[in-house]
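Worksheet for the structure shown next.
The values are calculated or read from the model by the stated rules, or taken from the named source; none is laboratory data. Note that this is a predicted model, so its numbers are computed, not measured. Counting neighbours? That spans all protein chains shown, and the Cβs are built from the backbone with ideal geometry, glycine included.
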Amino acid sequence: MVADPLLRTEGLSLRYPSGTLALDELTVDVPRGSVGLVGANGAGKTTLLRLALGQLRPTAGTIEVVGRDVADDPIGVRAHIGFMPEHDCLPPDQTAADVVATLGELAGLPPRSARQRASEVLDLVDLDEARFRPIGGFSTGMRQRTKLAQAIVADPEIVLLDEPTAGLDPIGREEMLALVGRLAGFGISALVATHLLDDVQRVCDRVVMIDGGKLRHTGATQALLHRTGALRVQVDDDAARLADLLGAAGVAVTVVDDATLDVRVDADEGLVLDLVRDGADDLGLALHAMTTRRTSPDELFLDQPR
Amino acid sequence: MSAPLLPPAGAVYDRGYRPYEGERGGRGAARAALVRLSIRRALGLRRSWRQKVLPWSLLAIATIPAVVNVGVKYITRNTPASDFDLITFREYVGVSTTLLLFVAITAPDMVCPDRRNRVLPLIFARPLTGNDYVLAKVGALTAILFGFSFLPQVVLFVGQMLVVREGAIDFVTENAEVLWQVPVAVALFSLYWATLALAISATTARRVVGGVALLATVLVSGAVASILVSAGGADPERIFEDGSLWGLLSLVDIPLRMSDLVFLGHVDPGSLVGGAEGAGTGVVLVYVAVVAGSLGYLVYRYRRVE
């Protein structure tokens, strides 16, 4: 159990009126900092965010945000949260400055402070020159940054970001990830819901992985990647024979091509390295390279037991 | 001799992110902000001149009868004709029906874009509930309609007070009842149209559809009521008591009959319900049903964020 968690759920379930079970007895503690909420489309990520905001009521279980029970005090919880939805949600006929200031006022800031804060956060997301232009003329990247600006305008303790890089080109994605990565430095914790695991690897310290509404994994991002790391071995040829030999010794191996194989390193890395070296020697194969290869986040997700 | 050191002409600072440490209101502040922002939008404040034309033109048009009446009183102040009123305070509440066009444009503009542009999830991520949203929108539109209906009455009252032959004090003494009748009648009128117009507008995300639906509902109900009253043997064009309770179906007539009750203590005999048994009670019941029904529908419509 995490001390003073950002978000805590206990047996949280939600079944929509249509009968779809979006969350199934989810119990998880999300610590403060930047946390990735990872799952495929339909895994229950957005549902969890809406439950955290009190916009949905759980069928069973409880959810707490910043130490407050959402069911008991949804208004109090929302006063501490910023939210960036996945979908387009900005009025095209208004300027970015107006929209962000308006939403700042609705978060309880006095009008003058809201306008000043809007100016500051739009400057922060690099929209200082565009802030008096109607949003209808904005690119997707500019809209996403406006959405982020409105989420942080009231200086929340936590921001819930739903697919923040969705629809962005590579440059826009880099800009957005850079901004999300800076949030922790501002004292704002972020729960980043995404199916793009590379994004999580880039900006999140920890990962909560859900699938079909159930918790699949939670832990530090680096530990997760390291734990499931692999060793890429390159020999001159006949990699299949070396794979057979290692397989017989109980090591999981994937043949990539005639001269390359990936060796799974689950526990004792030193022992595996010795087995590869001795196996290549026994078979008379020239060992060209052994490089530590971390499994990509996408492979990691697909490998999770279901 | 060395040149004196000059202070640098300018410097660039990266202010970065600054936490907000100022005043922070709660739900009450958020509600007040939503009312304020809705009024601002409806009146075209901080918007282009095009958005200002309609509301302020209509206010000017609604004030014309008062100005004309005061002008005529001034010109004829020393003749017996000065006792003649072009329009009475009670009738002037009815003239406010010219604001129906304004309501048909403003009410949809207050709620439809929030749904169409999917801004509601952002609004309800703030410390606001669906009921807060409904109360704020109804409050804002009621306040605007009250202002636009009351100001011309003030012009009429103050103008006449200044120009009448018998003097200001005598005029006020003779018309003391008007000082409570006008605000009450105008408030009832404003609340009625605000709730009904917003309820009809909330059925759709398209402003045009909302406005047309409101006008169609009002005009069709009036036409149907007239036909039914005529079919019952009455002649609604005749100014004597032969109306029927079918006249209660006319949505446009109900707030005018409420004004009758405030000013006269009974419904106007020349109206669609004039002379009908229990007409006054019927008017009150229909008024309450329309306002309560509209509010109930609005609360239902915004009970959950879509």
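Of all the residues in the range A:92-117, those that are in contact with a Gly (Cβ under 6 Å, 6 or more places away or on another chain) and either in a helix (DSSP H, G or I) or among the acidic types (Asp, Glu) (or both) number 3. Among the residues making up the range A:50-99, those that are more than 7 Å from every other protein chain (Cβ to nearest Cβ), within 14 Å of A:Val159 (Cβ to Cβ) and either surrounded by fewer than 22 Cβ atoms within 10 Å (Cβ to Cβ) or more than 20 Å from the chain's Cα centre (by Cα) (or both) are A:Val66, A:Val77, A:His80, A:Glu86. For the range A:107-131, filtered to residues that are surrounded by fewer than 16 Cβ atoms within 10 Å (Cβ to Cβ) and over 23 Å from B:Leu34 (Cβ atoms), the residue that is farthest from the chain's Cα centre (by Cα) is A:Glu129.
For A:Thr46, state whether it is within 23 Å of A:Leu23 (Cβ to Cβ), more than 9 Å from chain B (Cβ to nearest Cβ), in a helix (DSSP H, G or I) and of a type in the set (Ser, Thr, Tyr). Break it down into steps so the answer makes sense when it comes.
Details: within 23 Å of A:Leu23 (Cβ to Cβ): yes; more than 9 Å from chain B (Cβ to nearest Cβ): yes; in a helix (DSSP H, G or I): yes; of a type in the set (Ser, Thr, Tyr): yes.
In short, yes.
So which residues in the range A:24-57 are farther than 25 Å from A:Val203 by Cβ and touching a helix residue (DSSP H, G or I) at 6+ places or on another chain (Cβ under 6 Å)? Answer for the range A:24-57, where residues must be farther than 25 Å from A:Val203 by Cβ and touching a helix residue (DSSP H, G or I) at 6+ places or on another chain (Cβ under 6 Å): A:Gly54, A:Leu56. With the requirement that a residue be of a type in the set (Gly, Ala, Ser), closer than 30 Å to B:Lys137 by Cβ and part of a helix (DSSP H, G or I), what does the range B:39-88 give you? B:Ala42, B:Ser57, B:Ala60, B:Ala62, B:Ala66 - these are the residues of the range B:39-88 that are of a type in the set (Gly, Ala, Ser), closer than 30 Å to B:Lys137 by Cβ and part of a helix (DSSP H, G or I). Just one of the listed residues (A:Val207, A:Val192, A:Val233) is under 30 Å from A:Ala280 (Cα atoms) and crowded, with 16+ Cβ neighbours inside 10 Å, namely A:Val233. Quick one: would you say A:Thr228 is of a type in the set (S, T, N, Q), within 25 Å of A:Arg32 (Cα to Cα) and at pLDDT 80 or above? No; evaluated as a whole, the condition is false for this residue.
Test A:Val203 against the criterion of being within 14 Å of chain B (Cβ to nearest Cβ) and in contact (Cβ under 8 Å) with a residue 60 or more places away in the chain, and give yes or no.
no
Return a yes/no flag: does the range A:12-29 have any residue that is assigned to a helix (DSSP H, G or I) and in contact with a strand residue (DSSP E or B) (Cβ under 6 Å, 6 or more places away or on another chain). Scanning the range A:12-29 turns up no residue that is assigned to a helix (DSSP H, G or I) and in contact with a strand residue (DSSP E or B) (Cβ under 6 Å, 6 or more places away or on another chain). Just for the range A:118-144: of the residues that are among the aliphatic types (A, V, I, L, M) and in contact with a Lys or Arg (Cβ under 8 Å, 6 or more places away or on another chain), which one is nearest to A:Ala101 (Cα to Cα)? Result: A:Ala118.
Within the range B:203-217, the set of residues being under 12 Å from B:Met110 (Cα atoms) and within 17 Å of the chain's Cα centre (by Cα) comprises B:Gly210, B:Gly211. Restricting B:Ala136, B:Ala125 to those that are on the phi < 0 side of the Ramachandran plot, within 14 Å of another protein chain (Cβ to nearest Cβ) and outside any helix (DSSP H, G or I) reduces the list to B:Ala125.
Among the residues of the range A:136-155, the ones that are under 20 Å from A:Glu86 (Cβ atoms) and buried (at least 22 other Cβ atoms within 10 Å of the Cβ) come to 10 in all. Scanning the range B:287-306 for residues that are crowded, with 18+ Cβ neighbours inside 10 Å, more than 19 Å from the chain's Cα centre (by Cα) and among the aliphatic types (A, V, I, L, M) gives a single hit, B:Val305.
Hey, can you tell me all the residues within the range B:163-199 that are closer than 26 Å to B:His266 by Cβ, β-branched (Val, Ile, Thr) and free of Cβ contacts under 8 Å to residues at least 60 places away in the same chain? B:Val172, B:Thr173, listed by residue number. Could you list all residues from the range B:51-70 that are of a type outside the set (Val, Ile, Thr) and either over 17 Å from B:Val103 (Cα atoms) or touching a Pro at 6+ places or on another chain (Cβ under 7 Å) (or both)? Listed by number, the residues that qualify are B:Ala62, B:Pro65, B:Ala66, B:Asn69.
Listed here are the residues, each with its yes/no results for (1) at pLDDT 90 or above; (2) not hydrophobic (A, V, I, L, M, F, W, C).
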| site | (1), (2) |
| --- | --- |
| B:Val209 | yes, no |
| B:Val212 | yes, no |
| B:Leu215 | yes, no |
| B:Val220 | yes, no |
| B:Leu228 | no, no |
| B:Pro236 | no, yes |
| B:Asp253 | yes, yes |
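Of the residues B:Leu261, B:Leu251, the single one that is of a type in the set (A, V, I, L, M, F, W, C) and part of a helix (DSSP H, G or I) is B:Leu261. Restricting the search to strands (runs of 3 or more DSSP E) fully inside the range A:134-236 and requiring at least 2 residues that are over 30 Å from A:Gly19 (Cβ atoms) gives A:158-162, A:189-194, A:214-220, A:230-235. Across the range B:253-294, the number of residues qualifying as hydroxyl-bearing (Ser, Thr, Tyr) and under 18 Å from B:Ala197 (Cα atoms) comes to 2. For the range B:20-36, filtered to residues that are part of a loop (DSSP other than H, G, I, E, B) and at the interface with chain A (Cβ under 7 Å from one of its Cβ atoms), the residue that is modelled with the lowest pLDDT is B:Gly26.
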